[in-house]
Each structure stands twice: as structure tokens, then as C-alpha cells.
Amino acid sequence: MYMMWRPRRIAEVTPDSLIFLELIKPAPEVLVLGTGSTVQVLPPPVGDYLQRLGVRVEVLDSRNATGYFNVLNDEGRSVVGALLVWDPDARVPETMPEAQEPMWDRASLMQRSSTV
């Protein structure tokens, strides 16, 4: 499952921003929290909330959190990843750019892959 997560800074990570964890059944064993470009301290109310839920939390920078999430997922663990953006001040587009046709077609791609 994929869900867009609103927090952009560690101060915006609150128990309310993680309420979706209560909807996941069975409950995840681990929350891998990526805190952007650097590892940041988890706000105490968030730690208390996760402890009440029985969810272990691993706090890493977002790049390493992505890799660690993939390792745990490949092991078959019940894991959730929540990532903060690398640059919280970066401009976010109001709308997504219009989809464009790819620069290739399936037939030519298949032809190229058979020659390799």
C-alpha cells in the first residue's frame, strides 16, 4: 500500500500524523522513519504513542531508511516506512505535470533487449 504522508519536518511528526498505523491489520512490527537528510531525534510523544501501539521504531536518514525498509520487507517482516523529504523547503508542485507518452514503444524495447 502507498499513501502520501503530509509531514515534511520532524516537528510535524505527531501521533495524529501516524494514526494510520492503527488501521493496519495485523499491526506492523516496525516503523522505519526516515528523517530527511540527517538523523533527527524522535519527538517524545511519538515514541510514547508507538510504544503504546507495540510498534518498534527505527529512526534513520531517509536514504538509509529506504534501504533498511527494503531489507526488512524482503525478510517478510511486517514493516511500515514513513519518509520525510530530503529538503523540506523544496517547492512542491500544486498539481502533477501532465503525463507524456514514453519515448519508446514496447516493440522497439523488446527488440533492443533481445540483442543484448
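For D87 and D74 in the same chain, what is the full-extension length gain: residue separation times 0.36 nm, less their Cα-Cα distance, in nm?
Value of the extension gain: 1.9 nm.
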Exercise for the section: Could you list which residues have their amide H under 5 Å from that of G81, counting only those 5 or more apart in sequence or on another chain, with H placed in the peptide plane? Expected result: V32
Fill in the blank from the handout: Scattering profile of the range 28-83 from the Debye formula, Cα beads only, expressed as log10 I(q)/I(0) at q = 0.20, 0.21 Å⁻¹, is -0.67, -0.73
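Hey, got a sec? Which GluC sites (Glu not before Pro) in the range 28-98 land in a DSSP loop and have at most 11 other Cβ atoms within 10 Å?
Values: sites: E29, E58, E75, E94, E98; in loops: E29, E75, E94, E98.
Here the sparse-neighbourhood loop sites are E75, E94, E98.
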Handout entry: Charged-residue dipole, Cβ positions (Lys, Arg, Asp, Glu), the range 28-83 about Cα centre, Debye nearest 20
Key = 100 debye
Completion exercise
One point scatterer per Cα, no solvent, Debye formula: log10 I(q)/I(0) for the range 1-94 at q = 0.24 Å⁻¹ comes out as -1.40
Completion exercise
In the neighbourhood of W5 defined by beta carbon distances under 14 Å, the net charge of the other residues (Lys, Arg +1; Asp, Glu -1) is +1
Problem - Rounded to whole Hz, the Karplus (6.51, -1.76, 1.60) HN-Hα couplings of the range 33-41, x for glycine and proline - result: 9, x, 9, x, 6, 9, 6, 10, 6
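No lab work stands behind these numbers, since they all come straight from the coordinates. Predicted model only: the values in this text are computed from it and were never measured. Neighbour counts are summed over all protein chains in view; Cβ atoms, including those assigned to glycine, are modelled from backbone coordinates with ideal geometry.
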